[in-house]
Amino acid sequence: MSRTTRAWLLAACAIGPSLLGLTSVAYSQGIPQNIPRNETLILENPEGTIKNAGWFNIWAINAGSQSNGLQQAALDTLWYIDPESGIDGVWDNSLASEKPKYNADFTEMTVKLRKGIFWSDGVEFSAADVVGTVETQIKNPNMRFSAVLANNVASMETPDDSTVIFKLKKPNSRFHTNFTVRWAGIWIMPKHVFDKVADPLKFDFNKPVSLGAYTLNSFDPDGKWYIWQLRDDWQRTSLGRFGKPGPKYLAYVDPGPPDKRVIAQLNHELDVIHDIAPEGMFTLAKQSKTTTAWFKGFPYGHPDPTLPALVFNTQNENFKNKDVRWALALLIDIKAVAMAAYRGAATISAIGVPPTGKHPEAYHQPMEAWLKDFEVDTGKQKIKPYDPTVGKQIADMLRPSLGEQIPQDPKEIAKAFGMGWWKTNPQAAQELLEKAGYKKVGGQWQTPEGKPFTIRVMVEGDLRPVMTRAGSMIAQQWKQAGIDAKIDVAQGTLLTRRGAGDFDTFIGWSVETWGGHQDLSYFMDSWHSQFVAEPGKPQPLRNWQRWSSPELDKIIEQTRTIDFDDPKAIELGKDYVKLVAREMPTIPLMAYNVFTAMDQTYWTGFPTAENPYANPVTNWGNSRYMLVKLKPTGK
């Protein structure tokens, strides 16, 4: 065990008891007193305090919030795929009445829409809204989804008010996924509202006209809370098919840093904590009789189908060379990162696919032999960087303190903690940096231009403590190797800065998958070079590293020509895995285990591993399905 790993193992064990000393003190969320507590579900908005609180135009990026209830309760789109079992199966036809239908060469997609769906202002939803959503964004290149729509859509036809035919510029069998929510998607605009707007990029959409089951009641001008109220005509929304939502009011709030979130839930003033550090979850599990989590015991957290990684800005001169990116990977001790971030409750991944859902069977296990033989040429030697025993090493580190909670079976260890990762190798890292023209002077690395090799690792601070601790540990490891590495805390601004490319590196993810489906198009299509923005301009969704590769473009283009369920997609996915292992545009770390804590004082029926009808994480668009399952306790 390395000195760094041992230090963080001891630190992690010390953090938990300190939180156990928290006392229950009054903590107000600032919600208006005229909102009845027993009719209100209070949820954390992980975006924190919103700078531009009155901005509801989700299609234009302007420091507003999308996880303040806007995408979860007020907006809607054509289809949803649940990362869990789903309320009525994984796939849900939402505004669409059936699955998309393509022609033989995937150059045309037909959508049939539901009838009887109404906007909150009484206007009926129709094909005109879908067409307006696409046309408005294509005409305004800086809107959130303009690039993907402009690059795909040649024209549209509406034979009637409930049919839209998309004519595509080239074959794309995954085009429907842009309108399919796992976390979010292309939300449908109210055409009758935006038609009256002179400049949709400057329009705040305040008060938002809702297509979901809730409409805006009020919000804090300082951005700390948002109240949504159940529509009187909730039956005229797509969610109405599943029954009446339980809560009359939804309050999305900024509850403050991790310790205050724990105290608020202990005081029954925060029904759902989006995510807290493992120590906070352990505290709630021990002190609160009413708190539940995804798993009843260790590891508690919900394993999201996302892949936290060290994401490079590859338009930064320092990170254009794959040898530099690989050198930085070989300076990381992943065991120390797992202990710092999750107290060991992490599932590591060396490849660019999250180790959750169907992915271990489709990718991680089949790729193991290739990873063992994979070589990196440092210019002075060829090394085999993959260590297949790292997951077992983490389990062995935890076993003395957690005993029987840690499995012995190698298959169970791999499931819980992952398989292998890259060996820490400072000598190979030095050789790779020297190969790229970097020099070490007086113990400090300099760029080929003779300037200090400086890296800022952007993190979200208290809003996402697990990722912040991972970034802090990585920066510390790089600094110990002679790199000027520091943490850049972007609390409340990370999403905006990420989209603008205003970072060196950051801890987050550009890889997100469907979870229950092994197809990788959820993120991979957006990695095509056609979507990479010029430096200084907003980057379309997901390819935050702004990396492009002709080889990857070919993989994506082939994927677009086969059916969503075609097994050939897995083989193409493996080609992607090999490519990103060689090029390292991001350094994959682990699955994102979300410690969502749910208080059952006022509401019961939350989703859990035993009843996995929805994802409980509060900022996901498909968390809306949770609302129809929640029942008041009568308190």
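The values are calculated or read from the model by the stated rules, or taken from the named source; none is laboratory data. What you see is a predicted model; the values in this text were computed from it and never measured. Because the Cβ atoms are built from the backbone with ideal geometry, glycine has one as well, and the counts that use them run over all protein chains shown. Remember, those area values only see protein heavy atoms, side chains included, never the ligands or the DNA or RNA. Shrake-Rupley method; radii C 1.70, N 1.55, O 1.52, S 1.80 Å.
Pairing each residue of the range 138-157 that is on the phi < 0 side of the Ramachandran plot and charged (D, E, K, R) with any residue that is open to solvent by 60 Å² or more (accessible area, probe 1.4 Å) and outside any strand (DSSP E or B), provided the two are 6+ apart or on different chains, yields C-beta distances under 8 Å for 144/61. Checking each residue in the range 420-468 for being in contact with a strand residue (DSSP E or B) (Cβ under 8 Å, 6 or more places away or on another chain) and polar (S, T, N, Q) picks out 425, 430, 444, 446, 454, 468.
Residue 143 fulfils the conditions (1) under 22 Å from the mean Cα position of the chain (by Cα); (2) closer than 23 Å to residue 233 by Cα except for a single criterion, (2). Residues in the range 507-520 include at least one that is among the acidic types (Asp, Glu) and closer than 25 Å to residue 461 by Cα.
Remark: residue 298 falls outside the filter, which requires a residue to be in contact (Cβ under 8 Å) with a residue 60 or more places away in the chain, of a type in the set (Phe, Trp, Tyr), more than 22 Å from residue 609 (Cα to Cα) and surrounded by fewer than 24 Cβ atoms within 10 Å (Cβ to Cβ). If you check 67, 97 for being surrounded by fewer than 22 Cβ atoms within 10 Å (Cβ to Cβ), farther than 14 Å from residue 205 by Cβ and either within 25 Å of the chain's Cα centre (by Cα) or modelled with pLDDT of 95 or more (or both), only one passes: 97. Taking the condition touching a Ser or Thr at 6+ places or on another chain (Cβ under 6 Å) and acidic (Asp, Glu), does residue 76 pass? Yes; evaluated as a whole, the condition is true for this residue. Scanning the range 125-159 for residues that are among the hydroxyl-bearing types (Ser, Thr, Tyr) and out of contact with any strand residue (DSSP E or B) (no Cβ under 9 Å at 6 or more places or on another chain) yields 133, 136, 146. Output the number of the condition that residue 408 fails; it satisfies all remaining conditions of (1) closer than 20 Å to residue 331 by Cβ; (2) of a type in the set (S, T, N, Q); (3) modelled with pLDDT under 95. The one condition residue 408 does not meet is (1).
Against the criterion of being farther than 20 Å from residue 470 by Cα, surrounded by 19 or more Cβ atoms within 10 Å (Cβ to Cβ), among the charged types (D, E, K, R) and modelled with pLDDT of 90 or more, residue 498 does not qualify. The set of residues from the range 382-401 being open to solvent by 60 Å² or more (accessible area, probe 1.4 Å), of a type outside the set (D, E, K, R) and in contact with a helix residue (DSSP H, G or I) (Cβ under 7 Å, 6 or more places away or on another chain) comprises just one member, 401.
Scan the range 621-628 and give yes if some residue there is open to solvent by 30 Å² or more (accessible area, probe 1.4 Å), in a loop (DSSP other than H, G, I, E, B) and either among the β-branched types (Val, Ile, Thr) or touching a residue at least 24 places away in the same chain (Cβ under 8 Å) (or both), otherwise no. No, the range 621-628 has no match at all.
Within the range 433-470, the residues that satisfy the criterion of being in contact (Cβ under 8 Å) with a residue 60 or more places away in the chain and closer than 27 Å to residue 67 by Cα are 457, 462, 463, 464, 465, 466, 467, 469, 470. Among the criteria (1) of a type in the set (D, E, K, R); (2) open to solvent by 10 Å² or more (accessible area, probe 1.4 Å); (3) over 26 Å from residue 150 (Cα atoms); (4) modelled with pLDDT of 95 or more, the one residue 610 does not fulfil is (4). Quick one: in the range 579-588, of everything that is within 23 Å of the chain's Cα centre (by Cα) and of a type outside the set (S, T, N, Q), which residue is surrounded by the most Cβ atoms within 10 Å (Cβ to Cβ)? Here the residue is 588. Among the residues of the range 516-567, the ones that are farther than 25 Å from residue 321 by Cα, hydrophobic (A, V, I, L, M, F, W, C) and crowded, with 20+ Cβ neighbours inside 10 Å come to 1 in all. Kindly list, by first and then second residue, each pair from a residue in the range 494-515 that is closer than 21 Å to residue 363 by Cα to a residue that is of a type in the set (Phe, Trp, Tyr) and not in a helix (DSSP H, G or I), limited to pairs with Cβ atoms under 7 Å and residues at least 6 apart or on different chains. From residues that are closer than 21 Å to residue 363 by Cα, the pairs are 509/592; 510/544; 512/183. Only a single criterion out of (1) without any contact (Cβ under 8 Å) to a residue 60 or more places away in the chain; (2) open to solvent by 30 Å² or more (accessible area, probe 1.4 Å) is not satisfied by residue 113, namely (2). Tally the residues that are open to solvent by 10 Å² or more (accessible area, probe 1.4 Å), aromatic (Phe, Trp, Tyr) and either closer than 17 Å to residue 123 by Cα or at pLDDT below 95 (or both), restricting the search to the range 202-252. Of the residues in the range 202-252, 1 are open to solvent by 10 Å² or more (accessible area, probe 1.4 Å), aromatic (Phe, Trp, Tyr) and either closer than 17 Å to residue 123 by Cα or at pLDDT below 95 (or both). Within the range 501-513, being open to solvent by 10 Å² or more (accessible area, probe 1.4 Å), under 27 Å from residue 357 (Cα atoms) and part of a loop (DSSP other than H, G, I, E, B) holds for one residue alone: 509.
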